[in-house]
Amino acid sequence: MAAASSGPDPSRSAEALLRARSRLLCPPHGSRRLGPEALRTALVDLHELWLSSRAADARIGPGTAVVALGGLARRDLVPHSGLDLLLVYDPRQSGLDPATSLRIGQALWGPLREPGIGGHHAVSTVGETVQAAISDPRDGMGLLAARAIAGDPDLVTHLIRVARNTWRDRLRSHFDELAAEIRARWAGAGNLAQRVEPELNNSHGGLRDIHLLNALATAELTEQPAAEVTQANALILDVRTELRRRSGRARDTLPAQDAEQVAHDLGLADRVELTRRLSDAGAAVASATAAALRAARPGLPRPTSAAAGRPSPCRRPDHGVIEHSGEITLDGHTRPGRDPVLILRVAATAARTRLPIDRGTLHRLAEQAPELRAPWPAAALAYLQTLLGSGPAMINVVQTLDVAGLWARLLPEWGAIRHLAPPDPAHVWTVDRHQLEVCAHAAALTARVSRPDLLLLGALLHDIGRGHPRRNPPTTHHCHHGALLTGQIGHRLGLSPADLAALTAMVRHHQLLPHTATNHNPTDPATAHHVVDTLDGDPILLELLHALTEADARGTAPRTWTTWRATLINDLVRHCQQAMPTAPPRDRHPSDQPGDGGFRRPGHLQGPSPLEELTHSTGSRFILDEAEEDGLRDSPPPRDGSTPT
């Protein structure tokens, strides 16, 4: 029977552990500073040696083992991490009773409860440990990476084998619950790839997603993670290591003000390079995680009903595209190499149906789909408009195309803003994600404008000029450079000269209203005349910029579109409308519009838009349903001046 030793060894105290750890994190002057990977290895070795010495003092015998979980088990312990430990025993083999095992546990990690160490520590039998895994699949997933630190290694091998089988069996009835918890975690922490201040652990594309991928592979529900996921894991761990070493505490959100120094610690040029590398890593992990969750479900047993043996029916939402097993894929007769519009048709269908694109379909499109030649055919532009008008569903689809390398085929200019850190700290998204957020918000405002197709394109491209090189002359402000890029993009899309002029003007002047309203008196007639003259008296352009300004603010950060800001912009627009001799003053809201959704275009913009042509020919909807629209668009500011909730 094991028993705790009598006299404590000072070298095995909590103080000794903390001093040794401090020397690793802050080496004395003249000592070598360890790189992030070497530091994690040294921390693992230090804690293993300390725990092994404590276990030897406690005389851990057969049928008993000290088991590491979490970062110590995975050998990726980052600075200021707690230790997750388990003392597991077999009562028959070890001869221990609960009281004795508890005393051994107290002797082992009593010092670990000192400030600065922390973690989770438990004592249980093999049966109790397995029962905990049955009760909570998250506990079972943690056991899949367990590792013996001291004691009986055969006992730990048996525990891991039983835990793996138990977790896999339990997952059959708890898969939807696990998936819901994962989605809730993503919603709370955001997307690592496109946050200006990414959360490295819990976000979509973060370290916990990598742990999930490894767990699904260990349970033999999916393949082992690809090499790009392994490389992403190393980079995210390095960033997390340097962030914690520099901050001196356990933190997982990388603040924008610390990113420059962390980049320097990692040997990178600047914050921009770090943001792009980290975003690429997060995008790879997020894509792999979403695909793994879809792949894991078929590996679980089907319900034993009469309908279980029948194949799921296929729907055909568009030509050559089918919905199968909850995914968008190609039918057996479609040849991607002969259909240049197929990428956009698949994307529009996925956004319209809110279904993911099958991974094999993405690979086929990447390998076989031809380039769209300029000018685009009308069908291609129409499908692009349908995609952009799908609201929040569009964001995931574009991200999927981007990871597969397909979005850059459609918009080569997108590469300059891909995962680009914004210059303004008010932004919570990278520049590319901000464009998509603005487009999603603009989709909820299409009923307020006469040209919803131009509003969506303007939202997609309004900041495309932010990626131009810094060496360009100062005259190429991002609005002006963006207008130049928009001109070549619009020409490639096949826009008419009038539409191309309106779109480039939107991008060139997309900051006109907010800058004017916040820096000048919006009720001054001179202010209104300045705006009207800048826009050449075009009421449709003013209308588009009004909606784009609101979408831009909403897509910047939560609560950016305030009642105060809305009032300033609305006052300015109203006075500008009154100053325009060709259009009567209007204060349009979605509820004021006629049944056609506001698709009327006076003057030089008459005629059906490509989006209307698609809607007429295919019956596809691009206006959001009421639930989604309410989620993106607040009510107009109340007349009593109170702040809307």
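The values are calculated or read from the model by the stated rules, or taken from the named source; none is laboratory data. Just so it is clear, the model here is predicted, and its values are computed rather than measured. Glycine also receives a Cβ, built like all others from the backbone with ideal geometry; neighbour counts cover every protein chain displayed. These accessible areas exclude ligands, DNA and RNA; they are computed on the full protein's heavy atoms, side chains included. Shrake-Rupley method; radii C 1.70, N 1.55, O 1.52, S 1.80 Å.
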(request) Kindly check whether there is at least one residue in region 286-299 that is in a loop (DSSP other than H, G, I, E, B) and either assigned by TED's automatic domain parsing to the domain that holds residue 222 or within 29 Å of residue 355 (Cβ to Cβ) (or both). (result) no
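Hey, among 353, 329, 334, which residue is without any contact (Cβ under 8 Å) to a residue 60 or more places away in the chain, under 20 Å from residue 292 (Cα atoms) and of a type in the set (S, T, N, Q)?
Only one candidate passes the filter, namely 329.
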(message) Which residue is surrounded by the fewest Cβ atoms within 10 Å (Cβ to Cβ), if the candidates are limited to region 14-52 and must be of a type in the set (Ser, Thr, Tyr) and modelled with pLDDT of 90 or more?
(response) 22
(request) Starting from region 489-514, take each residue that is surrounded by fewer than 22 Cβ atoms within 10 Å (Cβ to Cβ) and list its partners that are among the polar types (S, T, N, Q), counting only C-beta distances under 6 angstrom and pairs at least six apart or across chains. (result) 514/549
(message) Can you pull out every residue in region 196-210 that is under 14 Å from residue 284 (Cβ atoms) and assigned to a helix (DSSP H, G or I)?
(response) 207, 209, 210
(message) So, residue 523, is that one touching a His at 6+ places or on another chain (Cβ under 9 Å), of a type in the set (S, T, N, Q) and not in a helix (DSSP H, G or I) or not?
(response) yes
(message) Being at pLDDT 95 or above, of a type outside the set (S, T, N, Q) and more than 30 Å from residue 337 (Cβ to Cβ): is that true of residue 445 here?
(response) yes
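To keep it simple, each residue is scored yes or no on (1) assigned to a helix (DSSP H, G or I); (2) of a type in the set (Lys, Arg); (3) in contact (Cβ under 8 Å) with a residue 60 or more places away in the chain; (4) surrounded by fewer than 15 Cβ atoms within 10 Å (Cβ to Cβ).
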{"residue": "212", "(1), (2), (3), (4)": "yes, no, yes, no"}
{"residue": "225", "(1), (2), (3), (4)": "no, no, yes, no"}
{"residue": "232", "(1), (2), (3), (4)": "yes, no, no, no"}
{"residue": "237", "(1), (2), (3), (4)": "yes, no, yes, no"}
{"residue": "240", "(1), (2), (3), (4)": "yes, yes, yes, no"}
{"residue": "245", "(1), (2), (3), (4)": "yes, yes, yes, no"}
{"residue": "267", "(1), (2), (3), (4)": "no, no, no, yes"}
(message) I want to confirm something. Restricting to region 422-469 and keeping residues that are open to solvent by less than 10 Å² (accessible area, probe 1.4 Å), closer than 13 Å to residue 548 by Cα and among the acidic types (Asp, Glu), which single residue is nearest to the chain's Cα centre (by Cα)?
(response) 463
(request) Filter region 153-175 down to the residues that are buried (at least 20 other Cβ atoms within 10 Å of the Cβ) and more than 21 Å from residue 296 (Cβ to Cβ), then identify the one that is farthest from the chain's Cα centre (by Cα). (result) 155
(message) Name the residue that is farthest from residue 273 (Cα to Cα), counting only residues in region 403-434 that are in a helix (DSSP H, G or I) and in contact (Cβ under 8 Å) with a residue 60 or more places away in the chain.
(response) 410
(request) Looking for whichever is at pLDDT 85 or above, within 21 Å of residue 61 (Cα to Cα), open to solvent by 30 Å² or more (accessible area, probe 1.4 Å) and part of a strand (DSSP E or B) here; the options are 150, 122. Which one fits? (result) 122
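Out of the residues in region 529-556 meeting the condition of being among the charged types (D, E, K, R) and closer than 28 Å to residue 498 by Cα, tell me which one is most open to solvent (accessible area, probe 1.4 Å).
Applying the filter and picking the extreme gives 536.
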(message) I'm trying to understand the selection: among the residues of region 382-397, which are among the hydroxyl-bearing types (Ser, Thr, Tyr) and either under 23 Å from residue 370 (Cα atoms) or surrounded by fewer than 21 Cβ atoms within 10 Å (Cβ to Cβ) (or both)?
(response) 383, 386
(message) Being under 18 Å from residue 193 (Cα atoms) and either modelled with pLDDT under 95 or among the polar types (S, T, N, Q) (or both): is that true of residue 283 here?
(response) yes
(request) Go over the candidates 373, 352 one by one and state the one that is basic (Lys, Arg), out of contact with any Leu (no Cβ under 7 Å at 6 or more places or on another chain), not assigned by TED's automatic domain parsing to the domain that holds residue 295 and not in a loop (DSSP other than H, G, I, E, B). (result) 352
(message) Anything in region 329-361 that is more than 27 Å from residue 488 (Cβ to Cβ) and among the aliphatic types (A, V, I, L, M)? List them, or say none.
(response) 330, 350, 355, 357
(request) Would you be able to tell me the number of residues in region 125-142 that are surrounded by 15 or more Cβ atoms within 10 Å (Cβ to Cβ), part of a helix (DSSP H, G or I) and at pLDDT 80 or above? (result) 7
(request) Read through the list (1) of a type in the set (D, E, K, R); (2) open to solvent by 40 Å² or more (accessible area, probe 1.4 Å); (3) in a helix (DSSP H, G or I), then give the number of the only condition that residue 559 fails. (result) (3)
(request) Please determine, by comparing only the residues of region 398-414 that are among the β-branched types (Val, Ile, Thr) and open to solvent by 10 Å² or more (accessible area, probe 1.4 Å), which one is modelled with the lowest pLDDT. (result) 403
(request) State yes or no: is residue 251 open to solvent by 50 Å² or more (accessible area, probe 1.4 Å) and either part of a helix (DSSP H, G or I) or among the small types (Gly, Ala, Ser) (or both)? (result) no
